[in-house]
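Notes for the one structure printed next.
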Amino acid sequence: MRKRRGRRALTLLAAGAVAVLGLQAGPLASEAAAATPDASRFHGVNWADPRDNYADDAVVPTGLSTEDDYLTTYAKSAAVVGQFQSGFGADTVRLPVNPASVNGPWWDSYRGAIDAAVGRGVKVVLGYWEGPGAAKNGRIDDRAAYDAMWRTVVDQYGDTGRVYFEPMNEPFGYAATEWADIAAGWLSAYGAVVPRERVLVGGVGYSDDVRPVCADPRLAGTHLSLHQYGFWHQDWTDPARWAADLRTRVGNCASRTVLTEFGTELTSGLDYNGPVNGRWEVATLKGQTDTVRELGIGSVYWPGLRAGDAYSLTELQGTGTDLTLRTTNTSAADRLAWAWWGTGRPATTAGPLRGVGSGHCLDVPGASHEPGTKMIIWYCNGNENQRWTYTAQKELRVYGDMCLDVDHGGTAGGTPLILWPCNGGTNQKWNLDAGGSITAQDSGLALDVGGAYTAPGSNVGLWYGNGGTNQRWQRL
């Protein structure tokens, strides 16, 4: 809702390209089966149109083009989203939709952005933005076009567990009861396809207060979308005041609340790890990130990428599909890492782990996303099922939100290692030791290729440390 500079978000997904490129677009089991909202699972960024996401024509995220075909959009988006993951540990991207994007020709290509994010294991929040100018009144512009848009989007992604739906961004043109009626109507129309846990209902006004929608029993089971910006009160230079304001806006709804927009100026060199020094920008981000951490609410920074926006966390570089992101303010990125993980930023490297003894790589067989899949070694190929990120939380992540996990928390030699949704458990913590060994934090046992076998397909599990080459790993 940042009126002075404008802004909104974007990046999307689809099933067609995922099938073309051999990736999985189906629901992640832990997410698809979630019975109640858990806002703490959202750690992400907005990806926005350079003009802002309020548009009468199609919204197009920075770096994409309506001239791009599906595969080009997919490739560009995979590059951008992959760097949101590796550079910041993001597991969520919030993107805009509007009737011109979905009901027109851009949709066939735009789906490539959504599919790329899903293929990388990232959650995607699709939110409706109204048009700009005189028509920008906080109300749905054209109800028939709006309904047609959502029918198409839900038909495409209703059964894709990583895709979430936000019926409207900042419904400030409606009274609280009127907006609750519209949100309840959306649930009634699409509830047979979309689980409530995958719906984010915006707070009232500029999505700045979730308490009224939280209290409406018709909206039970949904997530709630909240916004808070520092320029609302530039006289507030105490982080504690911002923290108190955010707690008030959340009320007793923390388990359902995702702070889907918050951000501040990043391009003038402000130090967000240092003293406030009377700067409302620093006070705002400190207060927000401390409170996100304290309450365990989700958060999605505005924006992760938007050309020309001083709030943008990154700047796009490169051409064609060879795109890279430059971080605009590392201290602000550190504040996000504190909010999400309680520590510094995750390692920015993601890549294969090659066994010294075999020359083969730690691999999720068949590129499976199925929780419980047992790990093996396989020919090193650099595909997503071999790209492991070691995070500040000492996890080894693959696909963005799945972790190398000690099956059932076992501590005995021979315990299998499996794929499992990242959950912060101690059986998902690993130490990278001198000499290339990787040991489980729980047991101290080593990541081991069973029997010191070297053939592709050999199982990987825990074993007592012996210094053997079957227990030593190199980052490619």
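The values are calculated or read from the model by the stated rules, or taken from the named source; none is laboratory data. All values reported here derive from a predicted model rather than from experimental measurement. Glycine also receives a Cβ, built like all others from the backbone with ideal geometry; neighbour counts cover every protein chain displayed.
Being among the hydroxyl-bearing types (S, T, Y), surrounded by fewer than 16 Cβ atoms within 10 Å (Cβ to Cβ), modelled with pLDDT of 90 or more and closer than 27 Å to S77 by Cβ, is that true of even one residue in region 324-345?
no
Among (1) assigned to a loop (DSSP other than H, G, I, E, B); (2) farther than 18 Å from L316 by Cα, which single condition is A90 missing?
The number of the failed condition is (2).
Being within 18 Å of the chain's Cα centre (by Cα), outside any strand (DSSP E or B) and within 10 Å of L126 (Cβ to Cβ) is the filter here; which residues of region 149-165 pass it?
Selection gives Y157 alone.
Would it be correct to say that L404 is closer than 19 Å to S86 by Cβ, at pLDDT 95 or above and under 20 Å from the mean Cα position of the chain (by Cα)?
Yes: the conditions hold for L404.
In region 195-210, which residues are touching a Gly at 6+ places or on another chain (Cβ under 7 Å) and either within 11 Å of R256 (Cβ to Cβ) or modelled with pLDDT under 95 (or both)?
The answer is R196, E197, V210.
Any residue at all in region 236-256 that's on the phi < 0 side of the Ramachandran plot, in the same structural domain as H43 (by TED's automatic domain parsing), in contact with a Pro (Cβ under 9 Å, 6 or more places away or on another chain) and in contact (Cβ under 8 Å) with a residue 12 or more places away in the chain?
The answer is yes, given that some residue of region 236-256 is on the phi < 0 side of the Ramachandran plot, in the same structural domain as H43 (by TED's automatic domain parsing), in contact with a Pro (Cβ under 9 Å, 6 or more places away or on another chain) and in contact (Cβ under 8 Å) with a residue 12 or more places away in the chain.
List pairs: first residue in region 361-387 and touching a residue at least 60 places away in the same chain (Cβ under 8 Å), second residue surrounded by fewer than 23 Cβ atoms within 10 Å (Cβ to Cβ) and acidic (D, E) anywhere in the structure, Cβ distance under 9 angstrom, at least six positions apart or on different chains.
Partner pairs satisfying both residue conditions: A367/E384; K374/D407.
Given the criterion over 21 Å from the mean Cα position of the chain (by Cα), assigned to a loop (DSSP other than H, G, I, E, B) and over 22 Å from N252 (Cα atoms), identify the matching residue among Y174, Y146.
That would be Y174, the only listed residue that is over 21 Å from the mean Cα position of the chain (by Cα), assigned to a loop (DSSP other than H, G, I, E, B) and over 22 Å from N252 (Cα atoms).
Looking only at residues in region 176-212 that are aliphatic (A, V, I, L, M) and closer than 18 Å to K136 by Cβ, which one is surrounded by the most Cβ atoms within 10 Å (Cβ to Cβ)?
Only one residue fits best here, namely V204.
Name the pairs: first residue in region 316-333 and in the same structural domain as A78 (by TED's automatic domain parsing) and at positive phi, second residue assigned to a loop (DSSP other than H, G, I, E, B) and aliphatic (A, V, I, L, M), Cβ to Cβ under 8 Å, at least 6 apart or on different chains?
Within 8 Å, no pair qualifies.
Scan region 441-459 for residues that are part of a loop (DSSP other than H, G, I, E, B) and within 21 Å of Q386 (Cβ to Cβ) and jot them down.
Within region 441-459, Y453, T454, A455, P456, G457, S458 qualify.
For residues that are of a type in the set (D, E, K, R) and in a strand (DSSP E or B), tally how many sit in region 414-431.
Of the residues in region 414-431, 0 are of a type in the set (D, E, K, R) and in a strand (DSSP E or B).
Residue-wise test of (1) in a helix (DSSP H, G or I); (2) in contact with a Cys (Cβ under 9 Å, 6 or more places away or on another chain); (3) at pLDDT 90 or above; (4) surrounded by fewer than 24 Cβ atoms within 10 Å (Cβ to Cβ).
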| site | (1), (2), (3), (4) |
| --- | --- |
| R4 | no, no, no, yes |
| L12 | no, no, no, no |
| V18 | yes, no, no, yes |
| N46 | no, no, yes, no |
| E67 | no, no, yes, yes |
